[in-house]
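Asker: So that we are looking at the same thing, I have put the structure below in structure tokens.
The values are calculated or read from the model by the stated rules, or taken from the named source; none is laboratory data. Since this is a predicted model, take the numbers as computed values, not measurements. Cβ placement follows ideal geometry from the backbone for every residue including glycine, while neighbour counts extend to all protein chains displayed.
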Protein chains: 4
Amino acid sequence: MSELRVGVVGVGIMGADHAERVARQTSGARLVAVSDPDTARAEALAARLSGTAGASGAAGFGGAPGNGPVRVINDPLELIAAADVDAVILASPGFAHAEQLFACLEHGKPVLCEKPLTMDAASALQVVEAEHKVGRQLIQVGFMRRFDPEYAELKQLLDSGELGRTLLLHNVHRNQSAPPGFRSEMIVRDSMVHEVDIARWLLDAEITQITVQAPKPSSLVDDGVRDPQLAVFQLANGTMADVEVFVNFQVGYEVRCEAVAERGSATIGLGSGVFTRADGQWGGAMPADFRVRFARAYDIEVQRWVDATVRGEIDGPTAWDGYAAAAVCEAGIESLTSGRPVDVTLADKDEVLG
Amino acid sequence: MSELRVGVVGVGIMGADHAERVARQTSGARLVAVSDPDTARAEALAARLSGTAGASGAAGFGGAPGNGPVRVINDPLELIAAADVDAVILASPGFAHAEQLFACLEHGKPVLCEKPLTMDAASALQVVEAEHKVGRQLIQVGFMRRFDPEYAELKQLLDSGELGRTLLLHNVHRNQSAPPGFRSEMIVRDSMVHEVDIARWLLDAEITQITVQAPKPSSLVDDGVRDPQLAVFQLANGTMADVEVFVNFQVGYEVRCEAVAERGSATIGLGSGVFTRADGQWGGAMPADFRVRFARAYDIEVQRWVDATVRGEIDGPTAWDGYAAAAVCEAGIESLTSGRPVDVTLADKDEVLG
Amino acid sequence: MSELRVGVVGVGIMGADHAERVARQTSGARLVAVSDPDTARAEALAARLSGTAGASGAAGFGGAPGNGPVRVINDPLELIAAADVDAVILASPGFAHAEQLFACLEHGKPVLCEKPLTMDAASALQVVEAEHKVGRQLIQVGFMRRFDPEYAELKQLLDSGELGRTLLLHNVHRNQSAPPGFRSEMIVRDSMVHEVDIARWLLDAEITQITVQAPKPSSLVDDGVRDPQLAVFQLANGTMADVEVFVNFQVGYEVRCEAVAERGSATIGLGSGVFTRADGQWGGAMPADFRVRFARAYDIEVQRWVDATVRGEIDGPTAWDGYAAAAVCEAGIESLTSGRPVDVTLADKDEVLG
Amino acid sequence: MSELRVGVVGVGIMGADHAERVARQTSGARLVAVSDPDTARAEALAARLSGTAGASGAAGFGGAPGNGPVRVINDPLELIAAADVDAVILASPGFAHAEQLFACLEHGKPVLCEKPLTMDAASALQVVEAEHKVGRQLIQVGFMRRFDPEYAELKQLLDSGELGRTLLLHNVHRNQSAPPGFRSEMIVRDSMVHEVDIARWLLDAEITQITVQAPKPSSLVDDGVRDPQLAVFQLANGTMADVEVFVNFQVGYEVRCEAVAERGSATIGLGSGVFTRADGQWGGAMPADFRVRFARAYDIEVQRWVDATVRGEIDGPTAWDGYAAAAVCEAGIESLTSGRPVDVTLADKDEVLG
């Protein structure tokens, strides 16, 4: 057996995303089962992601080539226990996590658990202890920002010591608007929790003190909700961090983090990689070559070529495009010698391909 | 059979990249064979990418989980003909393309051919005609910029008509330094060819005239090489484009494209998505939500979780990280009420996990 | 006599701007006379800029403190000849320049002449020759971009040789919209002429060849007008430059210039000083200290303080603002020691100032 | 008497800057006297800024054309009392301010007082009360940021209500390095005081609470100095502000301010005017026309033309530059018609001007 067989518990927005990610984009893994209290939603997703096609076959459009069948298991604990489920992604509501995590530990199933781990510190500590008793780490928490290329590059820069010791972080975390019923505590627990993890990870220490204050709320926020909020963290190694969380910012989604170090600062979230202020300059790094700059383009090109080829199609530049480019380049080389305009005459496309 | 079985011809820098991409990152495809005149290089790559692991197995580090074995076939034509090769990636030198493309057409094998299609317009046209005779499109050319998210977004913006009709393009294409022996004509044929394709694609017309001029070359360039070069294209629909190609720019790799339209302009390659000047404003779009902003983070998170899980490891935030975050959030909610600092006390990590 | 007495010929938009600049913002100069075919316009301007006030006087609002009286002289040649006019600013239409310049030369009056010098090369050469016969340079042409801090910094950077020899320039010159009747040739003569001067100045050589092409025009342009235009210059020292001029860009006014040199490039007109790509980095320079960053703020502060003081007013932060700042800082120092919030209590403002 | 006669008390770095500003760049004002405990320094400055030249005269290089003589008055109180001093700029050390301000009030002299008003809240309040008794506002405090074009534009944007009500401010205030002996309290009193004023001004309310905390200091800071510092302000109208002050940032000088409002945010200090996030977009405004974009260029052009003309020189583009531009434009218009390169032939410069 050559691939990791994954089951997904909870197929709301995040869970469905993860299921599709496993089925369509993740190499070395296969989606085998999904579970959700809303059975119809689970059935529809399973149908959409079940794939049966091969290169010579006739894949249904919209299927996931090469994934194989996906079945629905109503009971999440049954999914976790299933013999053909090697590993689990938990995207169920936070209050359901504790029980499902204990089940994963019991069956020795590796689990990727969306945050929060559980709803409070006491139960979370119980999970830590239970995993410790199993004697093997099985639980990963879904603080996905650590995998964001910009955050990862920032971490690498800070750890390199190039800017000296890191002193403090400024964070901004804004959503266009919060779902109805999103209360003041949820802003801390569901939104600010990301910066809690980022501060611990980037500054490499535990948080020892937190202050959360809030200005008079925006008039666009439900009565009684304190939004935005401004938090200040103290960490065990003497560093600090502040965070603005504003879940009804109206404009769009924005996450920024500026690390201030002894010899400069570095900011991510501006949409331009790691933006530094160091050595009397502001700016960023130029990519060294095209493979860095166009890495995603190559990934997408090959993935789409594979998918189209399985369907018996072309989904990209054709042979004609290659021919037209060759003809222009020939004329260009002639013009380079003369310094004068050179006309390009292509074969008649309709005649050639008609 | 559920996956596309791919063979790669030519495993220099680009070919090896593509082979690894298929083996490790592309869903629905498997690398089955590689071919290269340098047999040792091919053998080493095949060994590195052959994967045999499953979730419960003990994958060798550096293998490609779930890929299966990769074999070396010395003769590229034999690889193309092999029964277990469903599709081919051609990353051999340009002069070898014509023969190999004809072989792919003969065996009905879909092929992703790195640019150039062939070395001149006449032979490229023969390839187009030969494919046409097969009666089915099998050839895709490796103009991968069309798959770059920024170029794709630019194309979409221009096609939307939001900025009015597109009038002209300004392009900049710079490399840190060219390999030894990179001559003036190669700047046109191997570098500028990308802008040739981009201009045809974005402006949606064939190029009818080209002028290439060059200033006195940089003193850092080999004698007789005209670098940088400045080209101007006229297109059949009355649009124009200019391109600076500078393959010895020293600083790094840089590709920019600004499209000028009737009601504004849009630039990509600044590292910040599509940068527009329209409606009296300069700037870009805010992402609507976290799934857009962190799409790659989620992809990487899940891929790395799958890979680590197959190895029996955790490669991300642990249960302790989940617990620590929960404890800080509890204190934060308390501080939000009081507006005063609240200390955070965690369980003793050594004691819990010792 | 301690100040340069200036007369302005032509008080349309540019001339009125210049007249006001001399009367209100230029140290060491005084506006004494204006001339315009539209006498009413000249009279209104003269009245507005005539200043008589002193510190203890009661300056009329809107006057120019310290400027003294401004008179209208209908005949421009009479203004140029006037004994109390030390120097002339010519902001009349281009076709009137030749005669007025010859008058300035005849009377030995220094003149700042808005571009164009004259309407064609032949008459411009006659002006050059006439000035040469006078034996002293009296004419300055209004290519004001050379005085723009960004262009000046770019020139300094290129001349420093830090980026190696300059190879080529890319220029963009866009207006929101052109005035009615602005024809294709005027785009060259009145707009592109700025880049002609900038290319000669930055690249330090004469232009030896020019190519101007144009795509199919924007549909928002009058019939028969070729807008935008794309020009390529060759210079005597082997450098090159290109220019897009687009006088109906709709979005706003935009002037950019990127200089490409052997070891990097530098761009101005992005609104962030000189933006460089060099040494593997993109970015700009941090200001060394507050006097650089806030130079204009200090200039404006002092000019506005002088103007308000002459009027017997305060136009800036008051003593109360100084007091309130002192009180907050005292509390801040206390908080720094304790790490806890400190309340700030000010005296009752109404009671103190009531 | 047509100009404000200004005396400057204290001619260290800031005072000398202000003295030069008044003598050379400020219209409607004249520097008449300076005072400093370091008499030699005062004498040198007075000599440098005394100007006697007129257009037909022979100005000493480095003098201030049109300023007139500047004398040294050793006793600052004597300068303040002098009959020919209409108004005073105080740039003496903070501890000397109280006595000098009382003298200004006594003699009814308008005064621009560098911050701090005085050294503590109690004495500052006494100054406020004394001015109130005079019955006329005479004192302006040197919070010059209010005059910075970026801050002024930010204030205008926030006051317009376009972004909804302002909720909070994030401020960053960094110096390359502090002078020796710059202690923790001075970071609050001399640096953070600017943000104290900015928060009061932009948010239009008094500060009611302040918290100042500090991470473990940078190792590049003197022992015992707490640098950087992080402050949080609460204001009377329910808004908040935070400030990082870091006076040993190494990199350069940096002042940023981001205002977060109900419908978007606006940042200044990025070197690109007011940068907004609003309506789903990030970015800034395009200038409407060249007079906005090149306002400073015109100011500098005219000031330098005046200064050079007084010296009998040209300090800008010459008639030859005007001629060369005309010749290129003629050729450009010809090329526009033909779409082909047109050579430009200038008259022989040596022959014409030789």
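Asker: If you go through the stretch A:262-286, how many residues are outside any loop (DSSP other than H, G, I, E, B) and of a type in the set (Gly, Ala, Ser)?
Answerer: So the first thing to find is which residues in the stretch A:262-286 are outside any loop (DSSP other than H, G, I, E, B), and the list is A:264-268, A:275-278, A:281-285.
From what is left, the residues that are of a type in the set (Gly, Ala, Ser) are A:264-266, A:278, A:283-285.
Total satisfying the criteria: 7.
Asker: With A:SER335, A:SER272 as the choices, which residue is surrounded by fewer than 20 Cβ atoms within 10 Å (Cβ to Cβ) and within 14 Å of chain C (Cβ to nearest Cβ)? Walk me through it before giving the result.
Answerer: Numbers: A:SER335 fails: surrounded by fewer than 20 Cβ atoms within 10 Å (Cβ to Cβ).
The conditions single out A:SER272.
Asker: Please go through the stretch B:235-260 and give me each residue that is buried (at least 21 other Cβ atoms within 10 Å of the Cβ) and without any contact (Cβ under 8 Å) to a residue 60 or more places away in the chain, ordered by number.
Answerer: Residue satisfying the conditions is B:LEU235 alone.
Asker: Looking only at residues that are under 29 Å from D:LEU101 (Cα atoms) and more than 9 Å from chain C (Cβ to nearest Cβ) in the stretch D:131-168, which one is modelled with the lowest pLDDT? Spell out how you get there, then give the answer.
Answerer: So the first thing to find is which residues in the stretch D:131-168 are under 29 Å from D:LEU101 (Cα atoms), and the list is D:131-149, D:151-152.
Imposing the further condition that a residue be more than 9 Å from chain C (Cβ to nearest Cβ) reduces the set to D:133-135.
Numbers: D:LYS133: 94, D:VAL134: 93, D:GLY135: 90.
So, considering only residues that are under 29 Å from D:LEU101 (Cα atoms) and more than 9 Å from chain C (Cβ to nearest Cβ), the one modelled with the lowest pLDDT is D:GLY135.
Asker: Show me the strands (runs of 3 or more DSSP E) found entirely inside the stretch D:67-146 where at least 1 residues are within 15 Å of D:GLY15 (Cβ to Cβ) and among the aliphatic types (A, V, I, L, M).
Answerer: Values: elements: D:87-90, D:111-113, D:139-141.
Here the list reads D:87-90, D:111-113.
Asker: Residue check: is D:ASP289 charged (D, E, K, R), under 18 Å from C:VAL245 (Cα atoms) and at pLDDT below 85?
Answerer: Details: charged (D, E, K, R): yes; under 18 Å from C:VAL245 (Cα atoms): yes; at pLDDT below 85: yes.
For D:ASP289, the condition - charged (D, E, K, R), under 18 Å from C:VAL245 (Cα atoms) and at pLDDT below 85 - is met.
Asker: Out of the residues in the stretch B:287-336 that are more than 30 Å from A:ALA122 (Cβ to Cβ) and not in a helix (DSSP H, G or I), which is nearest to the chain's Cα centre (by Cα)?
Answerer: Looking at the filtered set, the residue picked out is B:PRO287.
Asker: Given (1) facing another protein chain (nearest Cβ under 7 Å); (2) at pLDDT below 85; (3) within 27 Å of C:PRO179 (Cα to Cα), identify the lone condition not met by D:ASP321.
Answerer: (2)
Asker: Can you give me the number of residues within the stretch A:159-183 that are surrounded by fewer than 21 Cβ atoms within 10 Å (Cβ to Cβ) and either under 17 Å from A:ALA205 (Cα atoms) or more than 22 Å from the chain's Cα centre (by Cα) (or both)?
Answerer: Within the stretch A:159-183, the subset surrounded by fewer than 21 Cβ atoms within 10 Å (Cβ to Cβ) is A:159-162, A:164-165, A:176-183.
Now narrow it down to the ones that are either under 17 Å from A:ALA205 (Cα atoms) or more than 22 Å from the chain's Cα centre (by Cα) (or both): A:159-162, A:164-165, A:180-183.
So the answer is 10.
Asker: What do you reckon, is C:ARG340 over 37 Å from the mean Cα position of the chain (by Cα) and surrounded by fewer than 19 Cβ atoms within 10 Å (Cβ to Cβ)?
Answerer: Values: over 37 Å from the mean Cα position of the chain (by Cα): yes; surrounded by fewer than 19 Cβ atoms within 10 Å (Cβ to Cβ): yes.
Taking the combined requirement at face value, the residue satisfies it.
Asker: Being away from every other protein chain (no Cβ under 14 Å), at pLDDT 90 or above and under 17 Å from D:SER27 (Cα atoms) is the requirement here; does C:ARG48 meet it?
Answerer: Values: away from every other protein chain (no Cβ under 14 Å): yes; at pLDDT 90 or above: yes; under 17 Å from D:SER27 (Cα atoms): yes.
Considered against the rule, which asks whether it is away from every other protein chain (no Cβ under 14 Å), at pLDDT 90 or above and under 17 Å from D:SER27 (Cα atoms), C:ARG48 comes out as yes.
Asker: For the stretch B:234-269, which positions are closer than 23 Å to C:VAL212 by Cα, small (Gly, Ala, Ser) and within 7 Å of another protein chain (Cβ to nearest Cβ)?
Answerer: Hits for the stretch B:234-269 are B:GLY238, B:GLY264.
Asker: C:THR208 fails exactly one of the following numbered conditions: (1) in contact with a strand residue (DSSP E or B) (Cβ under 9 Å, 6 or more places away or on another chain); (2) buried (at least 19 other Cβ atoms within 10 Å of the Cβ); (3) at the interface with another protein chain (Cβ under 7 Å from one of its Cβ atoms). What is the number of that condition?
Answerer: (2)
Asker: Out of all the residues in the stretch A:216-233, which are facing chain D (nearest Cβ under 7 Å), surrounded by fewer than 24 Cβ atoms within 10 Å (Cβ to Cβ) and in contact (Cβ under 8 Å) with a residue 12 or more places away in the chain?
Answerer: Applying the first criterion (facing chain D (nearest Cβ under 7 Å)) to the stretch A:216-233 yields A:216, A:218-220, A:228, A:230, A:232.
Keeping just the survivors that are surrounded by fewer than 24 Cβ atoms within 10 Å (Cβ to Cβ) gives A:216, A:218-220, A:230, A:232.
Listed by number, the residues that qualify are A:SER218, A:LEU220, A:LEU230, A:VAL232.
Asker: List pairs: first residue in the stretch A:301-320 and among the hydroxyl-bearing types (Ser, Thr, Tyr), second residue assigned to a loop (DSSP other than H, G, I, E, B) and modelled with pLDDT of 85 or more anywhere in the structure, Cβ distance under 7 angstrom, at least six positions apart or on different chains.
Answerer: A:THR309/B:PRO110; A:THR318/B:GLN137
Asker: Shifting gears a bit: Considering only residues of the stretch D:279-300 that are under 15 Å from C:ARG24 (Cα atoms) and not β-branched (Val, Ile, Thr), which is farthest from the other protein chains (Cβ to nearest Cβ)?
Answerer: If we take residues in the stretch D:279-300 being under 15 Å from C:ARG24 (Cα atoms) and not β-branched (Val, Ile, Thr), then D:ALA295 is farthest from the other protein chains (Cβ to nearest Cβ).
Asker: Right, next: Count, please, the residues in the stretch C:114-126 that happen to be surrounded by 23 or more Cβ atoms within 10 Å (Cβ to Cβ) and in contact with a strand residue (DSSP E or B) (Cβ under 7 Å, 6 or more places away or on another chain).
Answerer: The number of residues fulfilling the criteria is 1.
Asker: Out of the stretch B:177-222, which residues are of a type in the set (Asp, Glu) and either closer than 22 Å to B:GLY252 by Cα or not in a loop (DSSP other than H, G, I, E, B) (or both)?
Answerer: The initial filter retains those residues of the stretch B:177-222 that are of a type in the set (Asp, Glu), namely B:185, B:190, B:195, B:197, B:204, B:206, B:222.
Correct list: B:GLU185, B:ASP190, B:GLU195, B:ASP197, B:ASP222.
Asker: I would also like to ask the following. State whether one or more residues within the stretch D:141-155 are farther than 25 Å from D:GLY269 by Cα and of a type outside the set (Phe, Trp, Tyr).
Answerer: So in the stretch D:141-155, the residues farther than 25 Å from D:GLY269 by Cα come out as none.
No, the conditions are met nowhere in the stretch D:141-155.
Asker: Of the conditions (1) of a type in the set (A, V, I, L, M, F, W, C); (2) within 14 Å of chain A (Cβ to nearest Cβ); (3) crowded, with 17+ Cβ neighbours inside 10 Å, C:ILE314 clears all except one; give me its number.
Answerer: (2)
Asker: Please indicate, with yes or no, whether at least one residue in the stretch B:71-79 is closer than 22 Å to A:ALA308 by Cα, buried (at least 19 other Cβ atoms within 10 Å of the Cβ) and at pLDDT 95 or above. Walk me through how you get there before you give the answer.
Answerer: Here is the first cut: in the stretch B:71-79, the residues closer than 22 Å to A:ALA308 by Cα are B:79.
Narrowing the set further to residues that are buried (at least 19 other Cβ atoms within 10 Å of the Cβ) leaves B:79.
Retained after the next criterion (residues that are at pLDDT 95 or above): B:79.
So far as the stretch B:71-79 goes, yes, one or more of its residues are closer than 22 Å to A:ALA308 by Cα, buried (at least 19 other Cβ atoms within 10 Å of the Cβ) and at pLDDT 95 or above.
Asker: Would you check if B:VAL196 is in contact (Cβ under 8 Å) with a residue 24 or more places away in the chain, on the phi < 0 side of the Ramachandran plot and surrounded by 17 or more Cβ atoms within 10 Å (Cβ to Cβ)? Before the answer, list the steps.
Answerer: Numbers: in contact (Cβ under 8 Å) with a residue 24 or more places away in the chain: yes; on the phi < 0 side of the Ramachandran plot: yes; surrounded by 17 or more Cβ atoms within 10 Å (Cβ to Cβ): yes.
The answer is yes for B:VAL196.
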